[in-house]
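The values are calculated or read from the model by the stated rules, or taken from the named source; none is laboratory data. Since we're looking at a predicted model, the values are computed, not measured. No Cβ is skipped: glycine too gets one built from the backbone with ideal geometry, and neighbour counts run over all protein chains shown. When the accessible area is computed, the model is the full protein with side chains, heavy atoms only, and any ligands, DNA or RNA have been set aside. Shrake-Rupley method; radii C 1.70, N 1.55, O 1.52, S 1.80 Å.
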Amino acid sequence: MSGLVAGKVALVTGAASGIGRASAMAFAREGAMVTVADVDADGGAETVRLVEAAGGEAIFVRCDIADEDDVRSAVAVTVERFGRLDCAHNNAGLGHGQAKLAEIDRNRWDRTVAVNLTGTWLCLKYEIQHMLERGEGGAIVVTSSATSLLAFPLTAGYAATKAGINQLVRSAAKEYGRDGIRVNAVLPGPISTEMVARSFVENPSLQKHLEEDVPLGRLGTPEEVADTVVFLCSGNAGFISGSMLTIDGGQTPW
Amino acid sequence: MGAERPRLDAPTGWGPFSLTGRRALVTGAAGGIGRAIVTRLLDAGAEVVATDRHLDRTNELAALVPECRYLSADLSVPDEVEALFARAVAAAGPIDLLVNNAALITSALLPETDADLLDKVYAVNFRAPILLSRAYAELAASDSPGAIVNIGSAGGVRAVRVGSSAYGSLKAALGQATAYLARELGPRGIVVNAVAPGSIASGHSVGRSREASAASRRLRDEIRGRSALGRLGVPDDVALVVVFLASPAAAFITGQTLLVDGGWLLG
C-alpha cells in the first residue's frame, strides 16, 4: 500500500460535498480508509461511491456535528468499522447568509455558532478522547476560513465562528501535543464550492471582485485544499502543530 | 543512489506532491537543513542545482549526493548573487523552483550589533534572496508553474530569543517580502511562500565555543519544555514542507509563512 497516509483511518465531516468530498477522496487516494460524515445522506452516499470507484474504502455516517450524540457515534462507528481513528478533517460548517452584522437573523446566528463553533469543538473532543485512549497520537485538521483574519463584509457571524475555531486549534495543539496529537487549521479563501457559488448568486458582483482581488487571478479548487489537509495529516508535516495555513491565492496580504 | 547516502524515512508515495520535471536551485545547500532539502527535492523527482559558500562541506555533500549539480557562490557579494542564477540556468536549464535557504545565523546583544554585523546579516539573509528572486522572475520559464520558497524563522515571527534582533528582524523582513512578492508575481502564476522553522537540531553548533554550546543547550532544553510536541525539529521536518510548498498540491497557497515549530510559538 502506498500513499501519504497509507493504512490510516480518517474521519471527514461535511464530506457530502465541496472541500469535504475532495478531502475524503484525497485521503482515500493516499491510502486511508475514510468515514464520510454529513447531514446529507444522498451526497454522503455519492462521496462513498466516488471513493469506492477510485479503489478506496469508505463508509457513510449521518452526523449533525452540533448534536453531541451524532459526533460521539461518528467516532464510535469509525473505530468499530476500521479499528481506530488516526486522522480527522473537521470540515463541516455553514454560513448565515450574506447579511450585515445588524441584520443577521437570530436563528441563523444561533445555528451558525452551534454548527461551526460548538460542533467543531464536539468533534475535537471525541476525536481527541479516542486518540488519548488509544495512546498512539493522531493528526487533526480543521477547516477555518480566510474570513477569520479579515473583515470581509456580510460574513460577521461566520467569520467570528471561524476565528473561534482558530483558537480551539491553538489550544488543542498546545494541550495535546505531548500526547502525539497534532492539530492545525487550513484557512481557505475563495474556493469554487457550492457554498461560494450560492454567495455569488446572493451577491453577483462578488465573483468578479474576488477574481480581481486574488493575485493568482482565479478561485482555488476543493482538491487544492484537500491535498493540503492530507499533507498536514501526514508524517511529512510531523513538526507542524498549531499552525494556520491560508489557501487563498494570495488574497490575504499577510 | 549511493548506498552510503543516509536515507531519511522516505514516504511511500508523492502523488500530487511530486516534483517530477521540475528544476530547483537551493542556496545554503551544504548545511543541515540545506542537505535535507536537496535530498528531499531529489526524492520528489526534481533536478537540483545546489549552491553553498563552504567548499569543504559542499564537497562532502557532493560525495554523498552525486546526482545534483554544485555551484559555489558567496551570497554576500551582489555580483555573485546576480551571476549565480544565470550560472545555474546555464548548467542545468531553466529553473522553476528557487529555495532561498542560505543564512548567516548570528547571536549578538546590542553592544555587539555593529554596522559590520548588520551589513553582513542583511547581505546574506535579505538582499541575496531578493536579488535571486529578481533573477528568477527575469529568467524563469514563463510557461511553467513556478515557486519560490524562502526559509524564514520562528524568530522572524516572534521575538523568541534575546540576541536575535538582527537575525530575527531580517527574517521578519524576508517574511514580509514573501507576501509582497506573492502579490507581484501571482499574476504570472509564480507562488512565493516561506517556511518558518522553530528550533531545528541541524548541526550548526559545530565549531562553537564551549560557552556558546552550553548556552545553546540551555536554550534547546527551554524550547523542548515550551514546545507543544516536546521535541526539537530535525532538518527533514523542514525539507518535507519545502517540497510540499513547491508542489502542484500547494498551487493556490501564496504569500504565506508556514510555521514549522512543533507548536513552540503557541506560548
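Summary table below
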| item | result |
| --- | --- |
| The stretch B:126-267: proportion of alpha-carbon pairs further apart than 26 angstrom, % | 29 |
| For chain A, built as a Gaussian network whose Cα springs stay under 10 Å, the top-fluctuating residue of A:104, A:191, A:59 | A:104 |
| Normalised per residue, the volume of the convex hull around the Cα set of the stretch A:56-110 (Å³) | 114 |
| Most mobile of A:120, A:35, A:112 in a GNM of chain A (Cα contacts under 10 Å) | A:112 |
| Å² of accessible area per residue within the protein assembly as shown, as computed with a 1.4 Å probe and no ligands counted | 40 |
| Area of residue A:176 that stays accessible when all protein chains are in place (1.4 Å probe, Å², to 10) | 60 |
| GNM result for chain B, Cα springs below 10 Å: residue of B:212, B:182, B:36 fluctuating most strongly | B:212 |
| For residue B:192, residues with placed amide H under 5 Å, excluding near neighbours | B:148, B:255 |
| Accessible-area composition of the protein assembly as shown, carbon plus sulfur, in percent [1.4 Å probe] | 53 |
| Rounded to 5, percent antiparallel among DSSP beta bridges of the protein assembly as shown | 0 |
| Taking the C-alpha atoms of chain B, convex hull volume expressed per residue in Å³ | 129 |
| Residue B:20 - accessible surface, heavy atoms, 1.4 Å probe, Å² rounded to 10 | 110 |
| Per-peptide average of other Cβ atoms within 10 Å, ordering A:84-97, A:14-27, A:45-58, B:224-237 highest first | A:14-27, A:84-97, B:224-237, A:45-58 |
| Charge dipole (debye, nearest 20) of the protein assembly as shown; +1 at Cβ of Lys and Arg, -1 at Cβ of Asp and Glu | 980 |
| On Cα atoms only, tilt of B:32-43 relative to the major axis of chain B in degrees | 30 |
| Estimated vicinal HN-Hα couplings, Hz - the stretch B:168-176 in sequence order (Karplus 6.51, -1.76, 1.60; Gly, Pro = x) | x, 5, 6, 5, 4, 4, 5, x, 5 |
| Shielding by other protein chains, A:224-236, mean Cβ within 10 Å | 5 |
| Subset of A:8/A:125; A:162/A:208; A:100/A:208; A:162/B:171 violating a 22 Å alpha-carbon distance limit | A:162/A:208; A:162/B:171 |
| Kirkwood Rh, angstrom, chain A [1 / mean 1/r, Cα pairs] | 18.0 |
| Gap separating the Cα centres of the stretch B:13-71 and the stretch A:118-134, nearest whole Å | 40 |
| Dimensions in Å of the stretch B:30-164 - Rg and Dmax from alpha carbons | 15.7, 50 |
| Top positive-direction residue, dipole computed over the protein assembly as shown with Cβ charges, set A:122, B:230, A:6 | B:230 |
| Residue A:39 - accessible surface, heavy atoms, 1.4 Å probe, Å² rounded to 10 | 80 |
| Check: chain B dipole with +1 on Lys, Arg Cβ and -1 on Asp, Glu Cβ, in debye | 640 |
| Estimated FRET transfer efficiency when R0 is 25 angstrom, pair residue B:134-residue B:220 (beta carbons, to 0.05) | 0.10 |
| Test item: Cα-centred dipole of the stretch A:127-254, Lys/Arg +1 and Asp/Glu -1 on Cβ, debye | 320 |
| Solution diffusion estimate, µm²/s, Stokes-Einstein, the protein assembly as shown, Kirkwood Rh from C-alpha pairs, 20 °C, viscosity 1.002 mPa s | 91 |
| Interface size B-A, as summed buried accessible area [1.4 Å probe, Å², nearest 100] | 3400 |
| Dipole of chain A [Lys/Arg +1, Asp/Glu -1 at C-beta], most positive-end residue of A:244, A:27, A:192 | A:244 |
